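The values are calculated or read from the model by the stated rules, or taken from the named source; none is laboratory data. The model shown is predicted, which means the values in this text are computed figures rather than measured ones. Virtual Cβ from ideal backbone geometry, glycine too; neighbours counted across all protein chains shown.
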Amino acid sequence: MNHRFALASLLLLASPALAADPTMKPFVLASRAPGDVDGAARTARQKLQAAGFEIAGSYAPYPGAVVLAVTNESLKSEAAKTPSGGYAAAQRVTITKVGEEVQVAYTNPSYMAAAYRLPGDLAPVAASLEGALGRAEEYGPSEGKSAKDLRKYHYMVGMEYFDEPSKLGHFASHDEAVKAIEAGLAERRGGASKVYRIDLPGGTQTVFGVALSDGCSGDARIMNEIDSKPLRSTGHLPYELLVTGGDVRALYARFRIAVNFPDLKMMGSHSFMNIRCAPDAIEKALKAVAGAR
């Protein structure tokens, strides 16, 4: 009897911990219905702005898809609390044509907060996005991940973690680094162009959203291979380039791709093997933006 009582007590003690760390998926489907991308994008913009979001930038990475990078003061404030929090300063809202339907979706703020190791869970941002656009279901991988798992995530042994970024360049000051990135993007070095720029409170972090178009680093080429499920994960784009102090960095692509596609196969069709040239190509393109030789 004592053993049974002890076991029951342990289970009761464990239950709150289990409940406090549910699994999450990287993307949230807001709606899916017949329609056209341009009209759905206009409607999404209006709803987001009415809910207090700033549209930091937008682009069409390929036909039938629009990405809106959105932020607000709460998101910027939370992102500024850690030295690398700027990667999470923009959530992505996407409008994607799949067959006859248009899918409106957005990145899951709580998933991104854990993956990018923010101190909070961005619950207020998630609530604002849900209020503006709706929430039908979370999607992406077949199984979700807990916040604890995401904070220490990497795809497999030998692949990079969040705190092992690509180091793209170093400058004497934050302002000098930002000016160099602006120039590199304006010149479309490495096939890269600017989608958005967000300056975080405190003046030591600036994050750029970067569209990539050349060869193995190209957004369309990569997504054509890895984004093959019925619900599209267009919100993987664009890549971020972070200026923190005088340092210019980007999440290494083997982490940045895997954290949004954690169940992507290593081999076969629609697999990492088919984009094996992408990580080095992305890093090379972003180094060109920063002016690295």
Point to revise | Within region 78-157, strands (runs of 3 or more DSSP E) holding 1 or more residues that are closer than 30 Å to residue 246 by Cβ and in contact (Cβ under 8 Å) with a residue 60 or more places away in the chain | key: 91-98, 101-107
Revision key, fill the gap. Matching residues in region 30-40 (assigned to a loop (DSSP other than H, G, I, E, B) and surrounded by 19 or more Cβ atoms within 10 Å (Cβ to Cβ)) number 0
Review point. Is there any pair linking a residue in region 160-175 that is under 13 Å from residue 87 (Cβ atoms) and in contact (Cβ under 8 Å) with a residue 24 or more places away in the chain to one that is in a strand (DSSP E or B) and of a type in the set (Lys, Arg), with Cβ under 9 Å and at least six apart or on different chains, and which?
Key: 165/249; 166/249
Practice item. State all residues of region 179-216 that are surrounded by 18 or more Cβ atoms within 10 Å (Cβ to Cβ), more than 15 Å from residue 292 (Cβ to Cβ) and touching a Lys or Arg at 6+ places or on another chain (Cβ under 8 Å); if no residue qualifies, say none. Key: 198, 200, 206, 207, 208, 209, 211
Exercise for review: Could you check, for region 41-63, whether at least one of its residues is of a type in the set (S, T, N, Q), buried (at least 22 other Cβ atoms within 10 Å of the Cβ) and either at pLDDT 95 or above or not in a strand (DSSP E or B) (or both)?
Suggested key: no
Study note, to complete from the structure: Within region 60-71, residues farther than 10 Å from residue 94 by Cα and in contact with a strand residue (DSSP E or B) (Cβ under 6 Å, 6 or more places away or on another chain) come out as 64, 70, 71
